[in-house]
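A quick write-up on the structure given underneath.
The values are calculated or read from the model by the stated rules, or taken from the named source; none is laboratory data. Bear in mind the structure is a predicted one, so any value in this text is a computation, not a measurement. No Cβ is skipped: glycine too gets one built from the backbone with ideal geometry, and neighbour counts run over all protein chains shown. Calculation scope for accessible area: heavy atoms of the full protein, side chains included, ligands and nucleic acids excluded. Shrake-Rupley method; radii C 1.70, N 1.55, O 1.52, S 1.80 Å.
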Amino acid sequence: MPAIHKQLRQPIAVTDGLSNDQLLYFTSHSLSADGRMIVVISDRDGDVNLHAIDLLSGNRRALTKNRDGYLRSYVYFDGEDRKGVGKASVSFDAKRGIIYYIEGESIRSVTLEGEQNTFANIGQVEVTAFTHVSDDGRLLCVPTTQSRALEGPLTAEGRPAHNIDQRVQDENLCSWLNVYDTSNGKQVLRERVERGWVTHVQFSPTNPAHILYNHEWSGDRGLRRMWLFDGKTHRTLRPMTEGRVKADWACHEIWSPDGQAVIYHGGYANNGPTYIGRITLDGLCTEIALPDSYRGYGHFTLGCDGRLVTDGYFRFDDDPTKSSKYIVTLRPDWHARTIEWQPLCEHGSSWNSQDEHPHPIFDHTARSVLFTSDVTGKRAVYKVAA
């Protein structure tokens, strides 16, 4: 690995720090296609709502008027039952300026100008998770799971006290891939996923018939984490070859821009190294092990120029801890199995909850990176040159 010099850049605040503002989840972009508007989850109004902020003028518009807290769903297990905005439900069609989200029992949309629409409802005994809108804007996928999967007391940290995947397996619970036509709200697909707790869904950027999805917190997530539904059949994506075993782990899978591969990260069994991986739809799997000290958990997203950006793993040799403290870009060479690392800045976020995860994203030109941090005590969005 080439020497890396500690030449960090200074991020600038994009939001004003007067309220808690955070980017959308990493499976959805937060920035409009023209780079002018950013969509954030905010408590500016005293409750959880969606806001649009003009990056040139600083003007902000509240897009929703929720007063019922946040919806109970994946990650937000302590939320309200069938009430409130689903913080895990927001997907932004950045090209057309339309945001899709769940509020209470309703699947809704809102434009950047604030025009609202309600076009579908959630099943009475189902809980939701992270949604996704297709690149052409025609389809919305909403994963749901039998609510029995989440029933029960929570720990002091706000997580279910039971093993959710084990319950799903033992009680033969299922999830569904629910796909809606965004032009009229009609459901065009309700695909059953047997014995799986599905929390992440992503349409292929080039073929919306291909849906990437997961089995969350699965006991054998080295093998059962990543799945592809091709419109007809379901198959796992990470084969058990070359020593890969059930005790490995993998997560945060994303599509490559050409829709021909899936990129992900994880760690090898028995305290082995962490890695980033790429698997093509025809089964060619390449995984690049990271240096042994690169163990600070993080997320990865992809830019238009082939670089990845992460809020974890990287550390300088003289760092006293192995915490995830930097925003870093990576340029992998999948053929040579090498990575060029470029640290950009310290993000300073506490990682206290899902909301404080930095979840960095490139802008649409890959010239800068946006991320969330509570370094000042409140969550805000920051930008750093890339």
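Using only alpha carbons, segment 55-124 has a radius of gyration to Kirkwood radius ratio (Rg to Rh) of 1.00. Summing Cβ point charges (Lys, Arg +1; Asp, Glu -1) relative to the Cα centre of segment 209-349 gives a dipole of roughly 440 debye.
Across segment 49-94, counting alpha-carbon atoms alone, Rg and Dmax equal 12.7, 38 Å. Phi angles of segment 213-226 translate, via the Karplus equation with coefficients 6.51, -1.76, 1.60 and θ = phi - 60°, into HN-Hα couplings of 8, 9, 10, 6, 6, 5, x, 10, 6, x, 10, 9, 5, 9 Hz per residue; Gly and Pro are given as x.
Relative to the present Cα-Cα distance, how much length would full extension add between S353 and K246 at 0.36 nm per residue of separation?
Numbers: separation 107, 0.36 × 107 = 38.52 nm, distance 2.75 nm.
Separation in residues times 0.36 nm, less the Cα-Cα distance, equals 35.8 nm.
Remark on I107: its backbone amide H falls under 5 Å from those of F119, A120, N121, I122, a criterion applied only to residues 5 or more positions apart or on other chains, H modelled at 1.01 Å from N.
Quick check: at a probe of 1.4 Å, how many percent of the accessible area of the chain sits on carbon and sulfur atoms?
Working: 7380 of 16110 Å².
Carbon and sulfur together cover 46 percent of it.
Measuring spread by the Cα atoms of the chain yields a radius of gyration and Dmax of 19.8, 57 Å.
Over segment 1-101, give the accessible area per residue in Å² for a 1.4 Å probe, as an integer. Write out the running numbers ahead of the final one.
Numbers: 4460 Å² over 101 residues.
Dividing the accessible area of segment 1-101 by its residue count gives 44 Å².
Using a simple charge model, +1 on the beta-carbon of Lys and Arg, -1 on the beta-carbon of Asp and Glu, nothing else, what dipole does segment 110-200 show about its Cα centre, in debye to the nearest 20?
220
For segment 12-140, rounded, prolate or oblate, judged on the Cα gyration tensor with a ≥ b ≥ c (square roots of eigenvalues), a/c < 1.5 rounded, else prolate if a/b > b/c? Provide the component values of the computation, followed by the final result.
Numbers: a/c = 1.84, a/b = 1.30, b/c = 1.42.
Verdict is oblate for segment 12-140.
Each residue of segment 288-294 was assigned a 3J(HN,Hα) from its phi angle through the Karplus expression (A = 6.51, B = -1.76, C = 1.60, θ = phi - 60°), giving 10, 5, 8, x, 4, 7, 8 Hz with x at Gly and Pro.
How high is the FRET efficiency from E115 to V188, r the C-beta distance, R0 35 Å, rounded to 0.05?
Details: r = 23 Å, r/R0 = 0.66.
Using R0 = 35 Å, I get an efficiency of 0.90.
Springs between Cα atoms under 10 Å define the GNM used for the chain, and in it the highest mean-square fluctuation of R238, R224, R36 occurs at R36. Note on the chain: GNM, Cα springs under 10 Å; of D230, D136, D282, the largest mean-square fluctuation is that of D282.
Given the pairs K95/K246; K186/K383; K65/K186; K65/K95, which span a C-alpha to C-alpha distance of over 30 angstrom in this model?
The pairs that break the limit, which is 30 Å between Cα atoms, are K95/K246; K186/K383.
Helical runs assigned H by DSSP (4 residues or longer) give the chain a calculated mean residue ellipticity at 222 nm of -500 deg cm²/dmol, each run adding -39500 (n - 2.57) before division by the residue total. Put a plus charge on the Cβ of each Lys and Arg, a minus charge on the Cβ of each Asp and Glu, and nothing anywhere else: the dipole of the chain about its Cα centre is then about 220 debye. Considering only beta bridges that DSSP places wholly inside segment 28-138, some 95 percent are antiparallel. Using a 10 angstrom cutoff on alpha carbons, build the Gaussian network for the chain and name the most mobile of S353, S91, S368. The residue with the greatest mean-square fluctuation here is S353. The stretch between V125 and D78 holds 15.2 nm of extra length on full extension. This uses 0.36 nm per residue minus the Cα-Cα distance.
For segment 120-256, what is the per residue volume of the convex hull drawn over the alpha-carbon atoms, in cubic angstrom?
Working: hull volume 16.8 nm³, N = 137.
Dividing the Cα hull volume of segment 120-256 by its residues yields 123 Å³.
Where the centroid of each part is defined by its Cα atoms, how far is segment 285-334 from segment 196-272 in Å? Going from one Cα centre to the other spans 19 Å. Relative contact order of segment 161-216: 28 percent, from C-alpha pairs under 8 Å at least 6 residues apart in sequence.
Sorted by accessible area with a 1.4 angstrom probe, largest first, how do M226, M37 fall? Spell out each step's value before the answer.
Values: M226 5, M37 35 Å².
The ordering from most to least exposed comes out as M37, M226.
Take every pair of alpha-carbon atoms less than 8 Å apart whose residues are at least six positions apart; their mean separation over the length of the chain yields a relative contact order of 13 percent. The HN-Hα couplings worked out from phi for segment 169-182 by the Karplus form 6.51 cos²θ - 1.76 cosθ + 1.60 (θ = phi - 60°) are 5, 5, 9, 6, 7, 9, 10, 9, 9, 9, 10, 10, 7, 6 Hz, whole numbers, x standing for Gly and Pro. Dividing the mean sequence gap of close Cα pairs (under 8 Å, 6+ apart) by how many residues segment 1-102 holds gives a relative contact order of 20 percent.
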